[in-house]
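Take a look at the structure below.
The values are calculated or read from the model by the stated rules, or taken from the named source; none is laboratory data. Just so it is clear, the structure is predicted and the values come from calculations on it, not from any experiment. Glycine also receives a Cβ, built like all others from the backbone with ideal geometry; neighbour counts cover every protein chain displayed.
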Amino acid sequence: MHSPRIAVAVALCLIATACNRLEASPAPAADDPVAAARAVDEAVAGELAAGRVADARHWLRRDGNRLFSGDVREVQRFVDDLYREGARHVWFTGIERFGGASVSAGLAVELPQDAVKRSGLLRLAARFRGEPKPPPDLGQRYLDFAVD
């Protein structure tokens, strides 16, 4: 049987690792949405290249896959809605092994080229994030979401 201290130590290590990743990529100025969109595109491309992603359509339904926190049913509905609105791909990102499970706290979405579908996805993104209006369509390739 594992000691609660080991579980706490592992959790702290994962949090520290995530914080280091966030600190490693400086955030663009909030008043520069183009730079922010470019930073998201680069971060998602890096996650995809690192291979720490999984197709989101069925990932949560498989044994041993978990969210770091958050409502599994709500997130799965969101994934299904993203595909229904025309997302090209949706991935869970930053997947780490924790306590015998694969754990994620992020989603990335590849946007389609079609302007109507992009608009629908941007509206859906705003609703999920609780924002009053959708982010602008700046030609970005990806959107990302924290699902914890």
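At a glance:
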read-out: Check on residue 137, assigned to a strand (DSSP E or B) and of a type in the set (Asp, Glu); value: no
read-out: Subset of the stretch 25-68 (residues that are aliphatic (A, V, I, L, M) and either exposed (fewer than 15 other Cβ atoms within 10 Å of the Cβ) or modelled with pLDDT under 90 (or both)); value: 27, 29, 30, 34, 35, 45, 49, 50, 60
read-out: Failed condition for residue 106, given (1) modelled with pLDDT under 95; (2) farther than 17 Å from residue 37 by Cα; value: (2)
read-out: Identity of the residue in the stretch 73-103, assigned to a helix (DSSP H, G or I) and of a type in the set (Val, Ile, Thr), that ends up modelled with the highest pLDDT; value: 79
